[in-house]
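Reviewing the structure listed below.
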Amino acid sequence: MAALVLGWVLTLVIGLIGFGYERTRIPSDLNEFATQQDNVYYWADGTEMARVGPVDRQSVPLDRIPSSVQWSVLAAENASFYSDSGISFKGIARAVKDMATGGDTQGGSTITQQYVKNVYLSQSRTLSRKVTEMFIAVKLDQKMSKQQILDGYLNTSWFGRGAYGVERAAKAYYGKDVWQLDASEGAFLATLLKGAGLYDPAVSPANHARAVARWKWVLDRMVAIGRLSPAQRATYTVFPEPKPPPRPAGLSGQTGYLVDTARAYVSAHSGISDEEFDRGGYQIYTTFERPRVKALATAVQGRLAGLRPKQRPADRDVRVGAASVGADGRILALYGGPDYVTQGFDDANIGIVPVGTAFAPLVYAAGLRDGVLLTRDAPRTPVTPGTLYDGDDKAPVRTPEGPYWNRDGKIVKVANDGHRSYGQITLREAVASSVNGPVEQLGMDVGLDRVRRASIDAGLLPDTAFGSQTPDFSLGTATPSPIRVAGAYATFAAGGVHTDPYSVLRITRDGDRVPLESPAVTRPFTAEVAGEVTDALTKTPGRAGTAGTAVDNTSAWYVGYTAKVSTSVALFRVEPKSQQLEPLTGTTGSRVPEGTGSSYPAAIWSHYVAAES
């Protein structure tokens with residue numbers, strides 16, 4: 001009778017198991033958290049700059065993970081992985097025992113089961129979750145290859161220190177890529193799978209002792225299963241101490257501005273959709289050079305420290321945007337604001353600040369390239385650096401038909417800084433000395449539409465707010481960003497060749513290159529024209545540059561370049577509530593007449609260039 005009852009019980013249990021197995025389906029969607037990765041940004045020298053994403057995870061293909069690292073994990077967690085059916089009957093027995101005694105289910109799971117738990121299920125320790133895990137594991141073992149399962153497991157497991165996946169674990173504990181690890185280091189990472197909180201040596205002496213003991217055990221297990229020779233094991237006698245926990249690479253300081261700039265470039269120049277990018281797993285290698293970024297921030301902050309906003313209202317709300325662009329188009333450094341965390345808007349990419357008289361070299365280049373039209377319907381006349389113009393203050397602005405009249409019925413006259421008159425002056429000297437009148441008249445003679453085109457050819461964006469085409473157009477009513485101004489001057493540094501500014505060198509995902517458009521390269525000016533502009537702006541051998549001030553005194557600039565790097569610095573004030581520009585009159589305690597701006601941008605540029613040289 002007892003045998004009959006036992007038989008019926010066994011039949012019922014088997015039937016229930018079969019029913020549960022048939023009813024269990026492999027979820028169609030992976031656990032979103034298990035597949036989410038971070039995107040990693042790197043400095044130009046290849047060192048890590050920032051990680052952006054909800055988790056610290058980077059996937060690598062299984063063939064990039066050394067076999068010694070794979071087998072250290074298998075030895076520690078599931079030596080029979082390649083021969084089992086995806087489940088552990090010992091684990092099942094333990095789960096039944098725990099249920100009978102009122103405890104939670106414990107370890108003993110196969111790697112397939114652990115993978116199922118990581119990517120399909122929750123981390124709760126209940127019998128129902130354990131049974132579902134086992135059913136899915138068996139089905140998954142029949143559907144996927146062992147290599148696919150192991151690949152998924154190694155790239156989704158938690159290793160502590162915020163690291164998901166063996167690649168990020170290798171970085172977090174050894175500062176290496178996983179393919180650079182040896183068997184000893186792999187054995188340590190395998191110990192962490194038992195519980196990173198108990199085995200990270202940096203946590204406590206007790207953790208260190210546990211880690212060393214288990215590290216030895218993992219290596220011995222590798223010998224026992226034939227995956228490490230006794231001779232190789234004998235070479236691993238010293239515990240491979242991990243480095244101290246790394247400080248999180250956040251977005252404070254300038255880092256956030258750099259990340260935003262690179263992210264925007266990826267969006268505009270690759271086939272990666274925003275959805276794909278947000279899913280993560282990309283490595284973005286940027287053009288940013290850390291020493292230059294640091295030097296630029298130091299130069300800006302050092303000069304701004306001289307402001308007295310509590311004592312001088314004109315020193316309030318002062319902001320600076322700055323950028324360095326190589327002659328080859330690489331964006332080398334930015335200053336986007338005091339701190340990305342407190343000011344998210346990037347002042348290196350701002351588009352509301354007039355470039356002012358720093359626009360003059362572009363007008364000069366347009367004249368040297370396109371010539372001038374002095375008589376309507378007549379051939380254009382070439383100009384040279386030695387062409388003479390009227391440098392007197394209040395000289396009338398002319399058109400081919402005669403004086404230029406404004407809407408009030410008055411003849412428009414030029415206004416030089418300080419109302420100084422220079423008499424007849426060459427174009428070269430007018431540009432070198434920032435004499436407004438000849439530059440304003442040259443723009444009219446070239447044609448403001450041609451000046452606009454030349455500035456776009458040099459590097460300003462077509463959708464820049466240029467302002468109306470009136471005589472003061474040539475005095476810089478356009479509002480390009482510091483990045484674009486630096487890029488335009490870089491065209492002169494490059495001998496007339498313009499490379500569109502770019503911030504990303506390459507992108508990879510899972511070790512593979514992702515297609516990325518190359519920056520556009522054009523030659524808007526001849527080497528002779530570029531050389532003439534540089535000659536006019538050169539006051540110190542090897543360095544060319546000029547200051548700039550907006551007509552309404554709402555901005556002050558300095559833009560300068562060497563043969564390799566162009567840097568622009570813009571200083572301005574923005575009223576916090578209205579977000580409107582305010583005049584710089586009196587800013588920095590200056591008592592000079594309105595319209596001359598501030599000397600701060602030039603000082604920032606000088607300190608920066610001195611530091612980087």
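The values are calculated or read from the model by the stated rules, or taken from the named source; none is laboratory data. These numbers come from a predicted model, not from an experiment. Using ideal geometry, Cβ is built from the backbone for each residue, glycine included, and neighbour counts are taken over all protein chains shown. Side chains are part of the model used for accessible areas, which takes the heavy atoms of the whole protein and leaves out ligands, DNA and RNA. Shrake-Rupley method; radii C 1.70, N 1.55, O 1.52, S 1.80 Å.
Quick one: with all protein chains in place, what share of the accessible area of region 430-546 is carbon or sulfur, to the nearest percent (1.4 Å probe)?
Answer for region 430-546: carbon and sulfur cover 50 percent of the accessible area.
Using a 1.4 Å probe, what is the accessible area per residue for region 409-451, in Å²?
Per residue, region 409-451 has an accessible area of 42 Å².
Would you mind getting me the FRET efficiency between ARG376 and GLN580? Use the beta-carbon distance for r and R0 = 35 Å, nearest 0.05.
With R0 = 35 Å, the Cβ-Cβ based efficiency is 0.30.
Could you pull out every residue, at least 5 positions away or on a different chain, whose amide H is within less than 5 Å of the one on HIS498? Hs are placed 1.01 Å off N in the peptide plane, and Pro or chain starts have none.
So HIS498 has HN proximity to THR522, ARG523.
Just to be sure I understand the model, the point goes 7 Å from the Cα along the line to the Cβ. What's the resulting ASP177 to LYS294 distance in nm?
Output for this residue pair reads 2.5 nm.
Taking 0.36 nm per intervening residue step and subtracting the Cα-Cα distance, what contour gain separates ALA231 from LYS194 on full extension?
Going from the current span to full extension adds 10.6 nm.
What ³J(HN,Hα) values, in whole Hz, does the Karplus curve 6.51 cos²θ - 1.76 cosθ + 1.60 give for region 394-399 when θ = phi - 60°, with x put for Gly and Pro?
Computed from phi, the couplings for region 394-399 are 6, 5, x, 7, 10, 10 Hz.
Which order do the peptides 508-515, 340-347 take when ranked by the mean count of other beta-carbon atoms within 10 Å per residue, highest first?
340-347, 508-515
Once region 259-399 is represented by equal point scatterers at the alpha-carbon sites, with solvent omitted, what log10 I(q)/I(0) does the Debye formula produce at q = 0.10, 0.12 Å⁻¹?
-0.63, -0.81
Return one whole number: the accessible area per residue of region 197-327 in Å², for a 1.4 Å probe.
50 Å²
Ranked from the most accessible area to the least, with a 1.4 Å probe and all protein chains present, what is the order of LEU388, LEU516, LEU475?
Ranked from most to least accessible, the order is LEU388, LEU516, LEU475.
Could you calculate the FRET efficiency of HIS208 with SER518 from 1/(1 + (r/R0)^6), where r is the beta carbon distance between them and R0 is 41 Å, rounded to 0.05?
Efficiency, rounded to the nearest 0.05: 0.25.
Dipole of region 462-536 (Lys/Arg Cβ +1, Asp/Glu Cβ -1, origin at the Cα centre): which of SER481, PHE466, TYR502 lies farthest to the positive side?
TYR502
Report the semi-axes of the equivalent ellipsoid for region 163-317 in whole Å, largest first, where each axis is √(5λ) for an eigenvalue λ of the Cα gyration tensor.
Taking √(5λ) for each Cα gyration eigenvalue gives 45, 22, 14 Å.
Place the peptides 402-412, 565-575 in order of packing, highest mean first, counting for every residue the other Cβ atoms within 10 Å and averaging per peptide.
565-575, 402-412
To the nearest 0.05, what FRET efficiency results for ILE411 and ILE352 with a Förster distance of 25 Å applied to their C-beta separation?
After rounding to 0.05, the efficiency reads 0.20.
Please sort 358-365, 211-218, 158-165, 538-545 by packing, taking for each peptide the average over its residues of neighbouring beta carbons within 10 angstrom, highest first.
So the order, starting with the most tightly packed, is 358-365, 158-165, 211-218, 538-545.
Excluding THR381 itself, calculate the net charge of residues whose Cβ lies under 15 Å from the Cβ of THR381, where each Lys or Arg counts +1 and each Asp or Glu counts -1.
Counting the neighbours of THR381, the net charge comes to +2.
Based on the alpha carbons, how large is the Rg to Rh ratio for region 408-484 when Rh follows Kirkwood?
Using only Cα positions, Rg/Rh for region 408-484 is 0.99.
Rg to Rh ratio, region 346-504, alpha-carbon atoms and Kirkwood radius?
0.97
Percent of accessible area on region 178-222 owned by carbon and sulfur, 1.4 Å probe?
57 percent
Between region 475-548 and region 412-454, what is the separation of their alpha carbon centroids in Å?
Distance between centres, Cα-based: 24 Å.
Collect residues whose amide H, placed 1.01 Å from N in the peptide plane, falls under 5 Å from the amide H of GLU582; neighbours closer than 5 in sequence don't count.
For GLU582, the qualifying residues are ARG573, VAL574, GLU575.
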